[in-house]
1. Which Rg and Dmax, in Å, describe the Cα atoms of the stretch 1-64?
2. Roughly speaking, what is the centre-to-centre gap between the stretch 94-123 and the stretch 58-90 when only Cα atoms are used, to the nearest Å?
3. What percent does the relative contact order of the stretch 6-307 come to when contacts are Cα pairs within less than 8 Å and at least six residues apart?
4. Using only Cα atoms, what is the ratio of the radius of gyration of the stretch 199-310 to 2.2 N^0.38 Å?
5. Explain nothing, just compute: Karplus ³J(HN,Hα) = 6.51 cos²θ - 1.76 cosθ + 1.60, θ = phi - 60°, for every residue of the stretch 59-66 in order, whole Hz, x for Gly and Pro.
6. In nm², what is the average projected area of the convex hull enclosing the Cα atoms of the stretch 11-115?
7. So, with +1 on the Cβ of K and R and -1 on the Cβ of D and E, and no other charges, what is the size of the charge dipole of the chain about its Cα centre, to the nearest 20 debye?
8. Report the FRET efficiency, 1/(1 + (r/R0)^6), for N141 and F102, where r is their Cβ-Cβ distance and R0 is 25 Å, rounded to 0.05.
Amino acid sequence: MAKSRKVIITCAVTGAIHTPSMSPYLPVTGDEIADAAVAAAEAGASIIHLHARNEQDGRPDQTADAFGRFLPKIKERSNAVLNLTTGGSPYMSLEQRLEPAFKFKPEVASMNMGSMNFGLFPMLKRFKEFKYDWEEAYLKNSDELIFKNTYRDMEYVLREVGALGTRFEFECYDTAHLYNLAHFVDRGLVKPPFFIQTVFGILGGIGTHPDDIMHMKRTADRLFGNDFQWSVLGAGSKQMPIAAMSAAQGGNVRVGLEDNLWIGPGKLAESNAAQVHKAREIIEGLELEVATPDEARQILQLKGQDNVDF
């Protein structure tokens with residue numbers, strides 16, 4: 001695996017998994033998302049992974065208008081690389097999910113590398129009361145939810161979004177997703193360096209045991225050699241232990257309230273920046289350095305902030 005001297009911290013500030021009733025600190029409005037993104041960047045995140053939400057009830061909103069409420073504000077206040085989701089929510093169509101990327105032509109967009117079950121319903125064991133009507137059904141109905149990412153879908157994203165000069169954060173939730181990526185590499189639709197985000201702890205994907213992390217890393221090493229940058233995200237309480245495993249092995253890390261609402265046992269994270277600070281302490285405790293946004297651009301060969309449409 002190609003190793004950089006600097007560790008890239010990605011912060012995913014709001015996501016589409018958690019609902020507003022779960023934490024008062026989850027950013028919802030455009031201004032809240034912008035403030036959270038800037039604070040995370042100031043804490044050391046070089047990449048900010050972005051979703052949008054309806055400002056009235058907090059449900060996931062993948063319209064370009066929703067992203068337009070915060071993208072220019074973040075760019076004005078920060079040099080961070082802004083990474084727009086094309087995953088959106090598993091309940092959305094591919095057309096809906098791609099709207100912001102086509103509109104804004106970001107430096108980076110996320111890309112899910114395979115169809116999968118996507119079970120959010122276990123969170124109903126912890127959360128019983130909801131402020132908005134949509135929240136409980138959103139979680140409960142995920143017991144029959146398939147997150148659709150067919151080969152035709154993935155080829156379309158690679159060709160059409162890639163033609164904008166946008167590079168990808170390849171989100172791989174299981175071993176098969178790495179092989180799917182290798183398939184598109186073999187077809188010449190993906191060029192190095194690849195930024196591979198291995199995802200651990202979503203029901204429907206691989207688990208969070210250390211053997212799971214090592215299995216994904218070994219597989220990526222074997223498939224891609226020196227052509228990729230490895231990053232990890234751990235859902236829930238395994239967020240920081242998995243981040244530490246990656247950093248110790250030359251990889252990069254992702255944190256943020258999209259992946260974990262907590263900062264410690266029984267204690268909600270009061271900000272995304274708090275999680276970035278904690279990740280930074282782990283990285284620097286290993287005598288490694290955190291990458292700046294411009295260093296991340298160089299490592300991932302991005303087109304630069306001046307070449308986006310926001």
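1. According to the Cα coordinates of the stretch 1-64, Rg and Dmax are 13.6, 45 Å.
2. If you average the Cα positions of each part, the centres end up 12 Å apart.
3. 24
4. 1.14
5. Whole-Hz 3J(HN,Hα) from phi for the stretch 59-66: 6, x, 9, 9, 6, 4, 4, 5.
6. Taking a quarter of the hull surface, the average projection is 6.4 nm².
7. Using Cβ point charges on Lys, Arg, Asp and Glu, the chain gives about 520 debye.
8. 0.35
Taken together, the values in this text are just the output of simple stated rules run on the coordinates, not laboratory data. The structure displayed is predicted, hence computed values, not measured ones. Don't worry about glycine lacking a Cβ; one is built from the backbone with ideal geometry, like all the others, and counts go over all protein chains shown.
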